[in-house]
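Enquirer: Shown below is the structure under consideration.
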Amino acid sequence: MATQETTRVTASGLARSRARAATRGGPQKQGTFTPYLFMLPYMILFGIFVAAPTISAFWISLHNWDYLLPGKPFTGLDNYIDLFSGSGSAGLFWKSMWATAQFTIYSVPPLVIFPLLVAVVLHQKFPGRNFFRAVYFAPYVLGVAVVGILWRYLLDPTVGVINYYLGLIGLPSDIPWTNGLPWAWIGLVGMTVWWTAGFNAVIYLAGLQGIPRDLYEAARVDGASRWQQFRHVTLPGLRPVTLFVVTVTILASANVFGQPYLVTGQSGAPGNATRTAIMYITGEGLGRFRMGSASAMSILLASILAIIGAFNFRLLGRRND
Amino acid sequence: MSGDRARRRGLTRRDFLVAGGGATAGLILASCGSGPEGNPAVSGSTSGGTGAKYEGPNVSLAFWNGFTGGDGPFMKDLVTQFNSETDNIEVKMSVQEWADYYVKVPQAVASGSGPDVGIMHINQLATNAARTVILPLDDVAQTLELQEDDFAPIVWNGGTYNGQRYGIPLDTHPLGFYYNKKVMEQGGLDPESPPATGDDYLAALEDLKSKGIEGHWVSPFLFLGGLQWQSLLWQNGGELYNSEGTAATFNSEQGVAAMTWLVDLVKNGYSPANVGQDADTIAFQNDKNAFNWNGIWMINAFKEIKSLDWGVTQIPQIGSEKAAWASSHNFVIMNKEGQDPNKIDASKVFIKWVIDHSVDWAKAGQVPADNSVRTSQEFTALEEQSAFAEQLPYVHFPPPIPGIGDIDVILETAVSEAVLLKKEPADALNDAASTADETLQENAEKYGTG
C-alpha cells in the first residue's frame, strides 16, 4: 500500500520531468550505455568478489585440487558424484548438511518471531525506550569468538554457570548443554537468539516506523481492537521487511559455523552430531586441502540455499491485494 | 595456555572470517597462488654456511610460530637475546594460533611472502614435506653437526619423511600424570605416593569415590580424552595404524580395551558423565578432580594458581608396557621460491643457537630434545619438567604419514561417542576405523605414498 503510493508518486514525477525536459528541449536522450555505466562500480565489485570466485570454485570442483601439489588431475563431475555415492565421507558430509538443516529449522522461527515482539514493544513510547533498544542490540556487536567462549563456560555441563543455578533452584543440574542431544541444539539456538535477535529487531523497528500512522487511526475509527490492528495493519505493513528478515536469517543460520565450532568443539559433540556443513567443508578444504571436493560441497550447499531463497521470495513476496 | 591447547580451542575473529566467509575465500587464494613446482629436494638449496657462524650481508629473518600461550614470551626472550648477540642477523618473530598457522603458512610460502624459518609439530612434518612447504634439512643437520646421538632417538627419527630429514627437533611435550594433593588427602590417600599401576589407580579412585569424589574426569574430546586413550592403546601394545599408514588399526583388541578402561571410569562413577571441553582441567584447578593426565604445557599454568597443591609424575602403567602420548616442536626452513641462500645460512645459525639455549625454552614447560641440554644440571633442577623427561624412552608420536592430522577429528568423534556413552567402545572405534581407512587411502593416492 505505502509502497504502491510511493511508486505512483515517483512514476508521475518522472513523467512530469520528462514532459518538462521535452518542452524545454533539454537532454532527453540518454546514451545506450548510461544505465550500465551507473551499475559499473557495483558490477566490478560483484565480479571480483562474487562472480569470479564462484566460477573459479566451480572450475576447482571439477578437479582433484591441492594448490600446492603440481598435479591437479581433472576429474569431471567425480567430486559431485562422490557426494551421492554412499561412501563413508559422503555420509559424513550429508550428516553435516542435516546438522545445518536442523540448526536452521530450530533457529529461524525464534529469530523471526522473538525480535518482532521485541520490536513491537520497543516501538511504544515509554521512558528509557532508547536504553532498552540499546540493550537488545548490544550482544550483536560482539564477535563470534567472544560469544562462543562466553557461552561455552555458561553452558558447560559440569562446571557451567547455568547448570549451577538450575541446581540451586532444585532443577536437574547435570544437563549436557554442550555434548548431549537435544540439549546441544537448545544451547546453540539459545545463544544465537541472544546474540543476533537485536539485529532483526532493529530491522523490524525500522519497518514499524515506516507504517503510516493514519492507517492505525482509520482502523481505530472502524473499531478494530489492538490485536486486529496488529493482524491487519502491522503485519501486512511489515511484509517486505519480514521477507528480508526471513531470507537473511535463513542464510545466516545455514552458514552457522562459529557457535558449534567453539561451543561443541571442532568435531561437533556429541560424536559429530553438531558438526555443520560449513564446518565440514572448512575441514575438507582448509584442513585436508581437498579443495576440489570442498568446492563441490560449497556449490551444492549454495544451490540448495538459492532454491530455498527463491521459494521464500515466491511465498512471502506474493501480493494478495 | 600453551600452543597446543590454543590450537584446539582458539579461534580468532580472522580465523572465523576466513572460514565463515565460505570456502570461496580460501579458494580465491588457492586459485591465485601457484605452488612451487618440482621436487624440493632438488630445487631447494641449503648449502653453504656451517651454522656456527654467518658472515654474509645483514639479513632479516621472518620466524613464524604458534606460541600464543604462556610459552610465547619464553621464545620471544630467546629471539631478543639472539638478536642482541648477533650483529648481522635480525630475527622477527610473529605469532598466531596454530590452527591458523597451518592454514596460512603454505599459502604464504607459495606466494613467496611467507616466513623464512618456522616451528612445526612433528605430526605436521610429513604433510608439509609432501606439500613442498618445507625444505629437507639433512645437510643442515650435517653442517650443524647434529646427529642421532645428540637427541632422544624417538624425537630424532620422528623428524624424517621419505628418508630425508625435514625437522630439527627443539623439544618434546609428553602427557604426564598430574595429581591434586589436597583432593588426595580428602580421599584418604597419601598425597606423596600417587598410584603407579592399574590396580593401585583403581583402588585410589575407589577410595576417592567412597568420600564422594570423582577422581579422574574423562574428557570426551581429543584433548585430553583422546590423548589418554592413545597412551593406553600403546600401553596395551597396540598401534594406531599399520606400518604403511594405509589402514587404521586403532580398533584392535588393544584399542578397544583402552577405550573400555576409560569408559568404565565413567560407568563406575569415577568420572562425571558428559564432561565439557577443558572441564576436567578446570575441575582439577578447583580441587574437584584428583587425577588429570595432561600435557607438560600445564606446568606454568598450574604454578600460577597459588592455592593449588599439586605434583606431577609419569603416567601410571595400566597396560602391559609403559607408554605415553607426546608431540614435539621442530624447526623447519621454508621452501620459498628464489630464496636468498644467505637467509638459509642465517636460519641455520639461528636454529643452532636456539637449540643450544633450549634450557631456557624448557622453562616454558618443555623437555629439550637435545641430550646435552636435557642432562645439564640446569634442566635437572626443573623438577616437574624432569619428571616428564623420564618418560622419553617410551613416548609415542603419530607416524610420519602425509595427511595424518586429518585423522584427529575422526578419532575425536570416536572418543566422544564412546565416552559420552552413545556407542559401545568397539562400535565407536570400528566406525571411526572405516572412515579413517577411506581417508588414509585417499591421502595415499593424493600424496603418492600408497
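The values are calculated or read from the model by the stated rules, or taken from the named source; none is laboratory data. Fair warning: this is a prediction, and the values are worked out from it, not measured in the lab. Ideal geometry is used to build each Cβ from the backbone, glycine not excepted, and the neighbour counts take in all protein chains shown.
Enquirer: Residues that are in a loop (DSSP other than H, G, I, E, B) and of a type in the set (D, E, K, R): does region A:232-250 have at least one?
Expert: No, there is no match, as no residue in region A:232-250 is in a loop (DSSP other than H, G, I, E, B) and of a type in the set (D, E, K, R).
Enquirer: Give me the helices (runs of 4 or more DSSP H) completely within region B:371-450, filtered to those with at least 3 residues that are without any contact (Cβ under 8 Å) to a residue 12 or more places away in the chain, ordered by residue number.
Expert: B:425-447
Enquirer: Also, I was wondering about something else. Only one of (1) at the interface with another protein chain (Cβ under 8 Å from one of its Cβ atoms); (2) in a helix (DSSP H, G or I); (3) touching a residue at least 60 places away in the same chain (Cβ under 8 Å) is not met by A:Ile299, so which one is it?
Expert: Every listed condition holds for A:Ile299 apart from (1).
Enquirer: Can you tell me which residues in region B:273-301 are surrounded by 21 or more Cβ atoms within 10 Å (Cβ to Cβ) and either without any contact (Cβ under 8 Å) to a residue 12 or more places away in the chain or facing chain A (nearest Cβ under 8 Å) (or both)?
Expert: B:Asn274, B:Val275, B:Gly276, B:Gln277, B:Ala279, B:Ala283
Enquirer: For region A:55-79, how many residues are surrounded by fewer than 17 Cβ atoms within 10 Å (Cβ to Cβ) and either away from chain B (no Cβ under 12 Å) or touching a helix residue (DSSP H, G or I) at 6+ places or on another chain (Cβ under 7 Å) (or both)?
Expert: Residues that pass the stated criteria total 4.
Enquirer: Then there's this: What about B:Gly338, is it surrounded by fewer than 21 Cβ atoms within 10 Å (Cβ to Cβ), of a type in the set (Gly, Ala, Ser), touching a helix residue (DSSP H, G or I) at 6+ places or on another chain (Cβ under 6 Å) and farther than 21 Å from B:Gly167 by Cβ?
Expert: When the stated conditions are applied, B:Gly338 does not pass them.
Enquirer: Another question, then. If I ask for residues that are more than 25 Å from B:Thr413 (Cα to Cα), touching a strand residue (DSSP E or B) at 6+ places or on another chain (Cβ under 8 Å) and of a type in the set (Ser, Thr, Tyr), which ones from region B:277-328 would you list?
Expert: Across region B:277-328, the qualifying residue is only B:Thr313.
Enquirer: While we're on this one: Checking the conditions here, which among B:Gly245, B:Gly226 is at pLDDT 95 or above and small (Gly, Ala, Ser)?
Expert: Going through B:Gly245, B:Gly226 in turn, just one is at pLDDT 95 or above and small (Gly, Ala, Ser): B:Gly226.
Enquirer: What number of residues in region B:213-244 are outside any helix (DSSP H, G or I), of a type in the set (A, V, I, L, M) and within 22 Å of the chain's Cα centre (by Cα)?
Expert: 2
Enquirer: Across region B:82-113, which residue is nearest to B:Asp406 (Cα to Cα) among those that are outside any helix (DSSP H, G or I) and within 12 Å of chain A (Cβ to nearest Cβ)?
Expert: Residue satisfying both the conditions and the ranking: B:Glu97.
Enquirer: Among the numbered criteria (1) within 27 Å of the chain's Cα centre (by Cα); (2) of a type in the set (Ser, Thr, Tyr); (3) modelled with pLDDT of 90 or more, which single criterion is violated by B:Ser193?
Expert: If we test B:Ser193 against (1) within 27 Å of the chain's Cα centre (by Cα); (2) of a type in the set (Ser, Thr, Tyr); (3) modelled with pLDDT of 90 or more, just (1) comes out false.
Enquirer: Being under 13 Å from A:Asp82 (Cβ atoms) and either touching a Lys or Arg at 6+ places or on another chain (Cβ under 7 Å) or among the aromatic types (Phe, Trp, Tyr) (or both) is the filter here; which residues of region A:278-308 pass it?
Expert: Of everything in region A:278-308, just one residue is under 13 Å from A:Asp82 (Cβ atoms) and either touching a Lys or Arg at 6+ places or on another chain (Cβ under 7 Å) or among the aromatic types (Phe, Trp, Tyr) (or both), namely A:Glu284.
Enquirer: Condition first: more than 8 Å from chain B (Cβ to nearest Cβ) and either free of Cβ contacts under 8 Å to residues at least 12 places away in the same chain or of a type in the set (Ser, Thr, Tyr) (or both). Now tell me which residues in region A:249-296 satisfy that.
Expert: A:Thr249, A:Ser253, A:Thr264, A:Thr274, A:Thr276, A:Tyr280, A:Ser293
Enquirer: Which one of these is closer than 25 Å to B:Thr127 by Cβ, under 20 Å from the mean Cα position of the chain (by Cα), surrounded by 14 or more Cβ atoms within 10 Å (Cβ to Cβ) and at pLDDT 95 or above: A:Ser107, A:Ser96?
Expert: From the options A:Ser107, A:Ser96, the qualifying one is A:Ser96.
Enquirer: Mind listing whichever residues of region B:54-105 are among the small types (Gly, Ala, Ser) and touching a Ser or Thr at 6+ places or on another chain (Cβ under 6 Å)?
Expert: Hit for region B:54-105 is B:Gly69, nothing else.
Enquirer: Return only the number of the condition from (1) facing chain B (nearest Cβ under 10 Å); (2) assigned to a loop (DSSP other than H, G, I, E, B) that A:Gly223 does not satisfy.
Expert: The number of the failed condition is (1).
Let's see how each residue does on (1) in a helix (DSSP H, G or I); (2) out of contact with any Cys (no Cβ under 7 Å at 6 or more places or on another chain); (3) farther than 19 Å from B:Trp217 by Cα:
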position	(1), (2), (3)
B:Ile282	yes, yes, no
B:Asn292	no, yes, no
B:Lys303	yes, yes, yes
B:Lys306	no, yes, yes
B:Lys322	no, yes, yes
B:Asn342	yes, yes, yes
B:Phe350	yes, yes, yes
B:Ile355	yes, yes, yes
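Enquirer: Could I ask something else about it? Can you tell me which residue is farthest from the chain's Cα centre (by Cα) among those in region A:170-188 that are among the polar types (S, T, N, Q) and farther than 17 Å from A:Tyr106 by Cβ?
Expert: A:Ser173
Enquirer: Please state which of the following conditions B:Phe74 fails to meet, knowing it meets all the rest: (1) away from chain A (no Cβ under 14 Å); (2) within 20 Å of B:Gln339 (Cβ to Cβ); (3) among the hydrophobic types (A, V, I, L, M, F, W, C).
Expert: (2) is the only condition that B:Phe74 fails.
Enquirer: Follow-up question, since we're still on this one. Kindly evaluate A:Val121 against the criterion of being within 27 Å of the chain's Cα centre (by Cα), among the β-branched types (Val, Ile, Thr) and within 14 Å of chain B (Cβ to nearest Cβ).
Expert: It is false that A:Val121 is within 27 Å of the chain's Cα centre (by Cα), among the β-branched types (Val, Ile, Thr) and within 14 Å of chain B (Cβ to nearest Cβ).
Enquirer: With the requirement that a residue be out of contact with any strand residue (DSSP E or B) (no Cβ under 7 Å at 6 or more places or on another chain) and of a type in the set (S, T, N, Q), what does region B:381-424 give you?
Expert: B:Ser386, B:Thr413, B:Ser416
Enquirer: Please verify whether region B:245-266 includes one or more residues that are in a loop (DSSP other than H, G, I, E, B), under 26 Å from B:Asp171 (Cα atoms) and more than 14 Å from chain A (Cβ to nearest Cβ).
Expert: Within region B:245-266, one or more residues are in a loop (DSSP other than H, G, I, E, B), under 26 Å from B:Asp171 (Cα atoms) and more than 14 Å from chain A (Cβ to nearest Cβ).
Enquirer: Considering only residues that are touching a residue at least 60 places away in the same chain (Cβ under 8 Å) and under 28 Å from B:Leu205 (Cα atoms), look in region B:241-256 and name the one that is surrounded by the most Cβ atoms within 10 Å (Cβ to Cβ).
Expert: B:Gly255
Enquirer: Still on this model: Taking the condition on the phi < 0 side of the Ramachandran plot and among the hydroxyl-bearing types (Ser, Thr, Tyr), does B:Thr132 pass?
Expert: No; evaluated as a whole, the condition is false for this residue.
Enquirer: Then there is this: Quick one: would you say B:Asp150 is touching a Lys or Arg at 6+ places or on another chain (Cβ under 6 Å) and among the charged types (D, E, K, R)?
Expert: no
Enquirer: Something else about it: Quickly run through region A:167-187 and pick out the residues that are more than 14 Å from chain B (Cβ to nearest Cβ) and in a helix (DSSP H, G or I).
Expert: A:Leu168, A:Trp185, A:Ile186
To keep it simple, each residue is scored yes or no on (1) of a type outside the set (S, T, N, Q); (2) surrounded by 20 or more Cβ atoms within 10 Å (Cβ to Cβ); (3) within 25 Å of A:Val146 (Cα to Cα).
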| residue | (1), (2), (3) |
| --- | --- |
| A:Gln209 | no, no, no |
| A:Ala218 | yes, no, no |
| A:Val221 | yes, no, no |
| A:Ala224 | yes, no, no |
| A:Pro236 | yes, no, no |
| A:Val256 | yes, yes, yes |
| A:Pro270 | yes, yes, yes |
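Enquirer: Hey, another quick one. Please count how many residues of region A:227-254 are of a type outside the set (Ser, Thr, Tyr) and within 30 Å of B:Val419 (Cβ to Cβ).
Expert: 0
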